[in-house]
Amino acid sequence: MPATKRPRATRSRSSRTPLAPGDDKRAAILAAALVLFGRYGYRRTSIDDLAHETGIAKGTVYLYFETKEGIFRALCESLIARVIGAAAAASAAAAPIGARLRRVLAAKFEYFHRLLHGSPHAGELLDSTNRVSADLIRQADRAYLRIVTRTIAAAVARGELAAGPGRLGAAAAADLLVASAHGAGSDAGQPVPPPVLRRRLDDLVAVVVAALGGEARARRSA
């Protein structure tokens, strides 16, 4: 029996993804991709769907992106830039080290948790990301780890955290923090509710900061 195509909803122009100022068509295509990939998954979303969602011609979509894979990679680049920018801003904020680290973790782990696990196609989207954009993810992971390492190293330099024999160095502490945060968002492969993820990230930061002498130093300086 031939496969039936998913019916496309008929909507007014006002209900579609709005065009953005500047490079409006490219931005609108990526905004539509974020919506449709989350709603239908990567495989079931077509260039036709994206053109319909943005209200622009299919041929115009191809002027910006040669393939659907190209759109997916561009969307990944956009989301990565947002995460790295937010993490860098959190690292530089005027706040205690525990709050800074917590915001750095939120910039990545809470954001992607909301984005992916709010979709019924989270597993497929993760598989597609690993297949289509693995190189981008590796680069992003390295950039993010550098931000966490710099955040801890700067706190040590300012005396917020302790360094020396018997304590983790900044790179080792950052690696432990990020690796642990990766596992905080799921149990047995199933996503945990957002409040559970937030509590786990809170506890994780508290443990790492305490291990580096942050709580004791804060009490002595109070």
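A few comments on the model shown:
- Contact map, segment 49-71: first residue on the phi > 0 side of the Ramachandran plot, second residue surrounded by 14 or more Cβ atoms within 10 Å (Cβ to Cβ), Cβ cut-off under 8 Å, separation 6 or more or different chains; pairs are Gly55/Arg16; Gly55/Leu19.
- Members of segment 192-217 that are of a type outside the set (Lys, Arg) and surrounded by fewer than 16 Cβ atoms within 10 Å (Cβ to Cβ): Pro193, Pro194, Pro195, Val196, Asp202, Asp203, Ala206, Val207, Ala210, Ala211, Glu215, Ala216
- Residue match in segment 76-98 (condition: among the polar types (S, T, N, Q), under 28 Å from Tyr40 (Cβ atoms) and not assigned by TED's automatic domain parsing to the domain that holds Ala206): yes
- For segment 180-193, filtering for residues that are farther than 12 Å from Leu116 by Cα and in contact (Cβ under 8 Å) with a residue 60 or more places away in the chain leaves 3.
- Some residue of segment 203-222 being touching a Leu at 6+ places or on another chain (Cβ under 9 Å) and basic (Lys, Arg): yes
- Extreme residue, surrounded by the most Cβ atoms within 10 Å (Cβ to Cβ), among residues of segment 119-138 that are closer than 29 Å to Val208 by Cα and either in contact (Cβ under 8 Å) with a residue 12 or more places away in the chain or in contact with an Asp or Glu (Cβ under 7 Å, 6 or more places away or on another chain) (or both): Leu136
- Residue match in segment 80-88 (condition: among the basic types (Lys, Arg), without any contact (Cβ under 8 Å) to a residue 40 or more places away in the chain and out of contact with any helix residue (DSSP H, G or I) (no Cβ under 7 Å at 6 or more places or on another chain)): yes
- Listed by position, the helices (runs of 4 or more DSSP H) inside segment 97-196 whose residues that are of a type in the set (A, V, I, L, M) number at least 3 are 97-105, 122-132, 134-157, 170-183.
The values are calculated or read from the model by the stated rules, or taken from the named source; none is laboratory data. Small disclaimer: the values here were computed from a predicted structure and weren't measured. Every residue, glycine among them, receives a Cβ derived from its backbone with ideal geometry; neighbour counts consider all protein chains shown.
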